[in-house]
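The values are calculated or read from the model by the stated rules, or taken from the named source; none is laboratory data. These figures come from a predicted structure and were not determined experimentally. Quick reminder, even Gly has a Cβ in these numbers, built from the backbone with ideal geometry, and neighbours come from all protein chains shown.
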Amino acid sequence: MTVTFFDWQRATFPPGVAPYNTLSPNLIAVRHELETRHGGTRLGGYSVRPVRNGTDPSSHGFGAAINHRIEPRERLLQAVDWLIANHVRLGIQAIHDYVGCRIWHANRYPGKPMEAWWRPQRPNPANGMGQSWATYLHIETDRLNWSNNVPVHLRDLVNPLPPPVEPKPTVLFDPAKGVWGLYPLNKNKLTIREVTKPVTWDVTARFVNGAVTGLAKTQFTFADFELPKPRVASVLSVDDEIRLEYEFRLVPASGDRR
């Protein structure tokens, strides 16, 4: 079994057209397993736009790519090894390692081991390649696997790495992740239009009839996330501060809690 590389930038159909007008179900499943095993921060998924510092359509515009930040570097490299070892079952055709200044393509060099399918890139501050701040991976799926929605943990993975050891939790619920579990406060980050910033949530929660209910609140400014301030003709000015409130009710699942 192999993965056949599909050049999304040379697709004969435009981005943003069904079914490629949402994030690939395959990448949603891969991202969930990636977070479970290696943590990290979501930086981007489906977005119709050109490639950075270019005019060709981005693979993000077909829902065929995700960007995921993983720190420190040692953990990112563990994630890379896991992705490559399982790339056929994961339906992964490309990995861009920006800090490493290299790009991996499935079957780039037939006859060579898959770990050798990397190609060095020229450092470029405009797109992040080779830059110390770009501590994230760009991960692409191929066209054949784009719609695969089978949960990753059911795909008979090879060489699976153990999940990472998390710090001792300090809160019961992390609204930034939006899922049941115990998460440390320093994991609270918010992503808006591919800009990720740490935020502090004020969480009030209580147990009611076996469930956890509560309210999480945070606030930030338009400038914090590089957002343009909206202009309304009938309104003289708009407050600089944005407030978010998240009401939640958590009920433990009776089956698999992955």
In segment 25-79, which residues are at positive phi and at pLDDT 95 or above? G63
Could you list all residues from segment 79-136 that are hydroxyl-bearing (S, T, Y) and either in contact with a helix residue (DSSP H, G or I) (Cβ under 7 Å, 6 or more places away or on another chain) or under 20 Å from H60 (Cα atoms) (or both)? Y98, Y109, T135, Y136
Taking interchain pairs and intrachain pairs at least six residues apart, which have beta carbon atoms under 8 angstrom, with the first residue in segment 14-25 and in contact (Cβ under 8 Å) with a residue 24 or more places away in the chain and the second polar (S, T, N, Q) and not in a loop (DSSP other than H, G, I, E, B)? S24/T141
Mind checking whether some residue in segment 132-147 is out of contact with any strand residue (DSSP E or B) (no Cβ under 6 Å at 6 or more places or on another chain), among the small types (G, A, S) and over 23 Å from G40 (Cα atoms)? yes
Restricting the search to segment 122-141, which residues are assigned to a loop (DSSP other than H, G, I, E, B), farther than 19 Å from A65 by Cα and among the polar types (S, T, N, Q)? Q131, S132
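Results for (1) modelled with pLDDT of 65 or more; (2) more than 22 Å from G44 (Cα to Cα); (3) not basic (K, R), shown as yes or no for each residue.
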position	(1), (2), (3)
G178	no, no, yes
L182	no, yes, yes
L190	yes, no, yes
T200	yes, no, yes
From the option list P120, P110, single residue qualifying as in the same structural domain as L144 (by TED's automatic domain parsing), at pLDDT below 90 and surrounded by fewer than 21 Cβ atoms within 10 Å (Cβ to Cβ) is P110
Complete set of residues in segment 215-231 that are over 15 Å from R193 (Cα atoms) and part of a loop (DSSP other than H, G, I, E, B): P230, R231
Quick one: how many residues across segment 94-119 are of a type in the set (S, T, Y) and under 23 Å from the mean Cα position of the chain (by Cα)? 1
Counting just the residues of segment 1-15 that are under 12 Å from D56 (Cα atoms) and touching a helix residue (DSSP H, G or I) at 6+ places or on another chain (Cβ under 6 Å), which one comes out surrounded by the fewest Cβ atoms within 10 Å (Cβ to Cβ)? P15
For segment 27-42, which positions are assigned to a helix (DSSP H, G or I) and among the polar types (S, T, N, Q)? T36
